[in-house]
Amino acid sequence: MKLNVIVPLYNEEGNIDALFKSLSASLKSVKYTITFIDDGSNDNSYNILSDIYSKNKSTVKVIRFSRNFGKEAAMLAGLNVSKAQYTCIIDADLQQDPKYIMDMMKFLDANADYDEVAMVNDYAKEKTSQKFLKKTFYSIMEQTTGQKVQSGASDFRLMRSGVVDALLSIQEVNRFSKGLFSWVGFNIYYMSYSANKRFSGASKFNFRKQVSYAKEGLISFSTKPLKIATILGTLISIAAFLYFIVVLLQTLIYGKDLPGYASLMCVILFLGGIQLIVLGIIGEYIAKAYLEVKRRPIYITKNKLGFDDDIL
């Protein structure tokens, strides 16, 4: 099989048919399989997928999770069953145009030195504030992880089977694919694209989830926050010691009274806040370690369609 396209989705009933038609039209010149990963949808997504599978058994496979495990788990499930020469990941909302898949494939066919093509969003249709926040996130990730994390690089990418094998060799539960794509190495070619408007429905990846995703990525892929907490604690300790010397000298030499209640409370509250922040950072890492040690499965499959047929 030349190509396997992985489509993670959650509650995308209004987009699935249009995406399938677009993929089929774009890939008609190549032997391919589309693997849909239904991440525990509670709308009509699975019924639509079942209907598409029943009419296109030679090109479609479906995996349905027992509940919503998240996009990272859905992508991993797709990678686990991909046995094609090339594997592509694409979102289900049609913001990522399937027409780019053939461009990525042609590039890898013509350039043996490259192992992967990643599509980079040019942010042309996004607000200035969104552009700033996203570019800041990528900059922070690159500075803290020490890995090259291309600004705007999406999960929409095409990779050779060797890259897939490398990603699957990583056994960690708390996966941050944007970092892992970079960490495994290989030569990546970054190709620019402009995201379309969402075909149907509203995005589930709101601002709160974006902030949470950024935090999860930072903690999952870097120990810099712990080092920052150590440095912060050291600086505050030095400042407190110097302030103690100043107060002591003022009292002994100049006979000045100690600062009053208001200033004392400000110092206590400030230090208390810093301590809670540091404890929170440590707690995040302990929680990650706790989840890793339990070794629960990253996802649980409820149904599979098409895996009795040897079409990959």
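The values are calculated or read from the model by the stated rules, or taken from the named source; none is laboratory data. Here the structure is a predicted model, which is why all the values come from computation and not from measurement. Backbone-built Cβ (ideal geometry, glycine too); neighbour counts: all protein chains shown. For the accessible areas, the whole protein counts, side chains as well, though only heavy atoms, and no ligand, DNA or RNA atoms are used. Shrake-Rupley method; radii C 1.70, N 1.55, O 1.52, S 1.80 Å.
State which entries of Lys224/Lys302; Lys21/Lys71; Lys178/Lys288; Lys2/Lys55; Lys99/Lys224 exceed 28 angstrom in Cα-Cα distance in the structure shown.
Beyond 28 Å between Cα atoms: Lys224/Lys302; Lys99/Lys224.
Please list 92-101, 290-299 highest first by mean number of surrounding beta-carbon atoms within 10 Å per residue.
92-101, 290-299
Per residue of region 296-306, in order, report the coupling 6.51 cos²θ - 1.76 cosθ + 1.60 (Karplus, θ = phi - 60°) as ³J(HN,Hα) in whole Hz, putting x for Gly and Pro.
Along region 296-306, the couplings run 5, x, 5, 8, 10, 8, 9, 9, 9, 10, x Hz.
Do any trypsin sites (Lys or Arg not before Pro) in region 9-49 lie in a DSSP loop with no more than 14 other beta carbon atoms within 10 Å, and if so, which?
Here the sparse-neighbourhood loop sites are Lys28, Lys31.
Could you estimate the translational diffusion coefficient of region 41-129 from the Stokes-Einstein equation, with Rh from the Kirkwood formula over C-alpha pairs, at 25 °C and 0.890 mPa s, in whole µm²/s?
154 µm²/s
Can you give me the long-range amide H partners of Ile89? Hydrogens built in the peptide plane at 1.01 Å from N, cutoff under 5 Å, separation of 5 or more residues or another chain.
Hits under the 5 Å cutoff: Ile6, Arg157.
Full-extension gain between Val246 and Asp109, please, as 0.36 nm times their residue separation minus the C-alpha to C-alpha distance.
Between Val246 and Asp109, full extension yields 42.3 nm more.
Using a 1.4 Å probe, what is the accessible area per residue for region 1-116, in Å²?
Here the residues of region 1-116 average 37 Å² of exposed surface.
Output the direction-averaged projected area (hull surface divided by four) of the convex hull of the alpha-carbon atoms of region 1-70, in nm².
4.5 nm²
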